[in-house]
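The values are calculated or read from the model by the stated rules, or taken from the named source; none is laboratory data. Keep in mind the model is a prediction, meaning the values are calculated, not measured. All Cβ positions, even for glycine, are placed from backbone atoms using ideal geometry, and neighbour counts span all protein chains on display. All accessible areas refer to the heavy atoms of the entire protein, side chains included, with ligands and DNA or RNA removed. Shrake-Rupley method; radii C 1.70, N 1.55, O 1.52, S 1.80 Å.
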Amino acid sequence: MVDYIKLFDKIIEFINWDTLKYSVFKLNTDNKVSKFFTKEHLKSMIYYHILQKDNLRDLSSGICMSKKLKTIIVSVSLGTLSHHNNKRNFEVFLPILTELINKAVNIGSVNESLKRFGPVKLIDSTTISMSLNLYHWALFRSTKAGVKIHTRFDLNNGFRMHLL
């Protein structure tokens, strides 16, 4: 089982909190906020994406149930999460995103990155529509024909294509 809190801690280590402080000051996103500040908002949204949750209710209840998580992320109500997602200016997070992308890009050469991260696979699934009158064998839906192509690109070895 994946320890999401350890993964969360590793990701949080990459963030330059001074950049976020400056951005918060510049855009004044914590004005009239008493509990759920921009830093906590960012942490909760990062954890939300690591867990691959479907809705904010899952995140809100997950934070409330975990004692260890409560020490890392501020526990807030579902309404507070929803309110800040709708009202907080997203541009406050752009400098952090820019820094993280620059760190990821400047790690080194592609070969060094592959050694560091191991095999990296990119996967795409595409459906090509076809005429049902001409290609009866490619029945996709009752009124359409099509071919589904799954492409897997392995950065270490090249790509393979599979027709289904």
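Could you report the accessible area of F140 in Å², rounded to 10, computed with a 1.4 Å probe on the protein chains as they sit in the structure?
90 Å²
Is there a pair in K26/K87; K53/K148; K6/K53; K35/K103; K32/K53; K6/K39 whose C-alpha atoms are over 24 Å apart, and which pairs would that be?
As for pairs spanning more than 24 Å Cα to Cα, those are K53/K148; K35/K103; K32/K53.
Given R₀ = 22 Å, what would the calculated FRET efficiency be for E99 paired with K6, taking r from the Cβ atoms and rounding to 0.05?
After rounding to 0.05, the efficiency reads 0.50.
If you rank S75, S34 by how much accessible surface each has, with a 1.4 Å probe, what is the order from largest down?
Result, largest first: S34, S75.
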